[in-house]
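Everything below concerns the one structure shown next.
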Amino acid sequence: MLPSGHRMRRRDDFTLAVRRGRRAGRPTVVAHLLRRDETTPPLVGFIVSRAVGNAVVRNSVRRRLRHLVRADLDRLPAGSLLVVRANPPSGTARPDELAADLESALDRLLRPASKGRR
C-alpha cells in the first residue's frame, strides 16, 4: 500500500501533472512527472479508465501499480507530482510486464533532460 502522505487526492494536482509534466509512455502505462521545488513529499496518483476492464480488473491493476510505485518512492524528487495512467493492455498484462514498463517509464522521466528537450 502507498503511504497516505504520498497519495495524490486533489483534482488540481492530477491536472497540473498531466498537462505540465514530462511524459513517458510504454505499452501498458504512461507516466507524467512534474518536478516542483518544494519540501513536501512526492505525491503519486493513478488513472485507470474503464477501457482497462471491469471494476475488478481496474482495481487489480491499480493495486499492482501502487505496490510497484511504493518501491520507487525514494527515487522521486521532493515536491514532485507523479501520475501513472494505465493503458488498456495493462488489464491483461503479466505482472512482470507491467513492472518492466513502469520501471522503464520512470527511468526515462528521472534521467536529466537533454538540452533540446524540456
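The values are calculated or read from the model by the stated rules, or taken from the named source; none is laboratory data. The structure presented is a predicted model; accordingly, all values stated were derived computationally and were not measured. With ideal geometry, Cβ positions are generated from the backbone for all residues, glycine too; neighbour counts draw on all protein chains shown.
Could you please find all residues in the range 66-109 being surrounded by 20 or more Cβ atoms within 10 Å (Cβ to Cβ), of a type in the set (Ser, Thr, Tyr) and either outside any loop (DSSP other than H, G, I, E, B) or modelled with pLDDT of 95 or more (or both)?
Of everything in the range 66-109, just one residue is surrounded by 20 or more Cβ atoms within 10 Å (Cβ to Cβ), of a type in the set (Ser, Thr, Tyr) and either outside any loop (DSSP other than H, G, I, E, B) or modelled with pLDDT of 95 or more (or both), namely Ser90.
Looking at the range 48-59 only, could you name the residues that are in contact with a helix residue (DSSP H, G or I) (Cβ under 8 Å, 6 or more places away or on another chain) and either part of a helix (DSSP H, G or I) or in contact (Cβ under 8 Å) with a residue 60 or more places away in the chain (or both)?
Arg50, Ala51, Val52, Val57, Arg58
Tally the residues that are surrounded by fewer than 19 Cβ atoms within 10 Å (Cβ to Cβ) and of a type in the set (A, V, I, L, M, F, W, C), restricting the search to the range 35-54.
Result for the range 35-54: 2.
Could you please let me know if Leu33 is in contact (Cβ under 8 Å) with a residue 40 or more places away in the chain and within 10 Å of the chain's Cα centre (by Cα)? Quick ask: steps written out before the conclusion?
Working: in contact (Cβ under 8 Å) with a residue 40 or more places away in the chain: yes; within 10 Å of the chain's Cα centre (by Cα): yes.
For Leu33, the condition - in contact (Cβ under 8 Å) with a residue 40 or more places away in the chain and within 10 Å of the chain's Cα centre (by Cα) - is met.
Being surrounded by 16 or more Cβ atoms within 10 Å (Cβ to Cβ), touching a helix residue (DSSP H, G or I) at 6+ places or on another chain (Cβ under 9 Å), more than 19 Å from Ala105 (Cα to Cα) and modelled with pLDDT under 95: is that true of Gly21 here?
So Gly21 does not fit the description; no.
Need the failing condition index for Thr39 against (1) of a type outside the set (Gly, Ala, Ser); (2) more than 12 Å from Ala86 (Cα to Cα); (3) assigned to a strand (DSSP E or B), just the number.
(3)
Is one or more of the residues making up the range 77-94 in contact with a Ser or Thr (Cβ under 8 Å, 6 or more places away or on another chain), among the hydrophobic types (A, V, I, L, M, F, W, C) and in contact (Cβ under 8 Å) with a residue 60 or more places away in the chain?
yes
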